[in-house]
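Values in this text are rule-based calculations from the coordinates and carry no lab data. All values derive from a computational prediction rather than experimental measurement. Cβ coordinates were reconstructed from backbone atoms using ideal geometry, including for glycine residues, and neighbour counts include every protein chain displayed.
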Amino acid sequence: MAKKSLLPRGFKANAERIAISYREELELQSHEPLCGFALAKHLNIEVCKPEDIFPENTNIVDLIGSSDKDNGWSALTMITGKGNKLIIHNNLHSPARQQSNLMHEIAHILCDHKYSEAPENLELLSLMRDHNPQQEEEAIYLGSALQIPRDGLVWNLKQRKNYEEIADFYIASKSMVTFRVNTTGVKRQLSYLNI
């Protein structure tokens, strides 16, 4: 039995509109890739690596939990004492995973989800957000739409690009492309193309 979605009615359609609106603000076509670092800068969100926050720690693996390029801790959002939003991300992840991590955290911010306040004695792993299932589902969907918009999927599939080519185009993983195809219904829409 399929898991019931926790997304509010209309959330998916709104997420797709948000993904396109930020592309428009950054003067991109609706199908073009949007870099998570560029979007964060546009939104005045500082993005940093763990060693930027913890310069005294010489072993980055101690901070993030793994040296494997796509395992271990991913990213977190917090607010500084001055009220600024900050994303700390795992810079050892692959470029595709870093883009996904950033878009996920940006989605939490855009959805106005609660994020951690920076304690005086910073310990990275202690800053991890409590995972509210509905908020996580919202961030997963909006983050993935920001990374690969539905319009972009349609455009790429009409160009007869395969999933790997689409992943390369968006600096995404092939599994992210599969997720987007499965959650947007574009296959049904484009069934006449025999995709």
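Overview of values
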quantity	calculated
Under 18 Å from K114, Cα to Cα: lysines that are on another chain or at least 8 residues apart	K82, K85
Selection of trypsin sites (Lys or Arg not before Pro), the range 147-195, meeting DSSP coil and at most 12 other Cβ within 10 Å	R160
Gyration tensor (alpha-carbon) shape descriptor, the range 136-195, a/c threshold 1.5	oblate
Too-long pairs where the Cα-Cα distance tops 20 Å, listed order kept, from K49/K174; K161/K187; K12/K187	K49/K174
Qualifying trypsin sites (Lys or Arg not before Pro) in the range 1-51, DSSP loop, other Cβ atoms within 10 Å at most 14	K3, K4, R9
